[in-house]
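The structure appears below as structure tokens.
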Amino acid sequence: MILLQRFFQICLFRAGPADVPTSHSFLKIVCLIYFSVGVLVSRVDHNWPLSLAGSAADTLLLLCVSWVLLYFRGMTSRFVQTATAMAGTGSIMGVIGLPIFWLFRQVEPQGQLTSVVLLFVLILIIWSLFVTAHIFRNALEIRPGMAAIVTVLYTIVSLVVVGLALSGAA
């Protein structure tokens, strides 16, 4: 429970990746949860095989990008905490987003509720980007502007890689 609270604190910008325990076992568990939540979120729009492929690609990309960024900054000792923070907060965002995305698929395209649901989707996306930038800023010890650039680039690469996995091209 304390660790779950820590991920919420990171999502609320009250803690950073350094506040997550350095444990390979915990990283594996959190990555498995991240993968599982990703599959459930993807299932809103896709079948099981595509959801599994997309979530696997997303999880592997999270790990690879975290390691590469830390490697180039000479901070690979922070990998476990950074990856755990990314996967843990991503899991929370996914759990929060799951009912929003499900509701989005249920509302009429021209209905009044569509605008409200789209607003919630937009808020969740922006919040998620800010949390990712917060983690990168702390883990890489970079300025907020550079963290924003890294976050946008990571998000673009993630959208391309997961999109390719979902299309069956990857």
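Data for the structure
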item	result
Lone qualifier among Thr76, Thr82 - being among the hydroxyl-bearing types (Ser, Thr, Tyr) and under 26 Å from Ser36 (Cβ atoms)	Thr82
Residue among Thr114, Thr89 that alone is closer than 17 Å to Gly38 by Cβ and assigned to a helix (DSSP H, G or I)	Thr89
Hits in the range 24-50 - residues which are in a helix (DSSP H, G or I), free of Cβ contacts under 8 Å to residues at least 24 places away in the same chain and not aromatic (Phe, Trp, Tyr)	Ser25, Lys28, Ile29, Leu32, Ser36, Val39, Pro49
Leading residue by the ranking (farthest from Leu70 (Cα to Cα)) among those in the range 114-170 that are modelled with pLDDT under 95 and small (Gly, Ala, Ser)	Ser115
Looking only at the range 24-58, and only at residues there that are of a type in the set (S, T, N, Q) and surrounded by fewer than 20 Cβ atoms within 10 Å (Cβ to Cβ), the one that is farthest from Glu141 (Cα to Cα)	Asn47
Unmet criterion (only one of (1) surrounded by fewer than 20 Cβ atoms within 10 Å (Cβ to Cβ); (2) within 17 Å of Val162 (Cα to Cα)) for Leu62	(1)
The range 24-44, residues that are closer than 24 Å to Val157 by Cβ and out of contact with any helix residue (DSSP H, G or I) (no Cβ under 7 Å at 6 or more places or on another chain)	Lys28, Leu32, Ser36
Cβ-Cβ under 6 Å pairs, at least 6 apart or on other chains, the range 88-117 side surrounded by fewer than 11 Cβ atoms within 10 Å (Cβ to Cβ), far side among the β-branched types (Val, Ile, Thr)	Arg105/Val44
Candidates Ile156, Ile149, Ile126, filtered to the one that is without any contact (Cβ under 8 Å) to a residue 60 or more places away in the chain, part of a helix (DSSP H, G or I) and more than 23 Å from Leu60 (Cβ to Cβ)	Ile126
Pro21 being assigned to a loop (DSSP other than H, G, I, E, B) and either exposed (fewer than 14 other Cβ atoms within 10 Å of the Cβ) or in contact with a helix residue (DSSP H, G or I) (Cβ under 9 Å, 6 or more places away or on another chain) (or both)	yes
Some residue of the range 134-152 being hydroxyl-bearing (Ser, Thr, Tyr) and under 19 Å from His46 (Cβ atoms)	no
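The rows are residues; the columns are (1) under 18 Å from the mean Cα position of the chain (by Cα); (2) not β-branched (Val, Ile, Thr).
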site: Phe104; (1), (2): no, yes
site: Val107; (1), (2): no, no
site: Gln110; (1), (2): no, yes
site: Val121; (1), (2): yes, no
site: Leu124; (1), (2): yes, yes
site: Ile135; (1), (2): yes, no
site: Leu140; (1), (2): yes, yes
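The values are calculated or read from the model by the stated rules, or taken from the named source; none is laboratory data. Every value quoted in this text rests on a predicted model; they were computed, and no experiment measured them. When we count neighbours, we look across all protein chains shown, and the Cβ atoms used for this are built from the backbone with ideal geometry, even at glycine.
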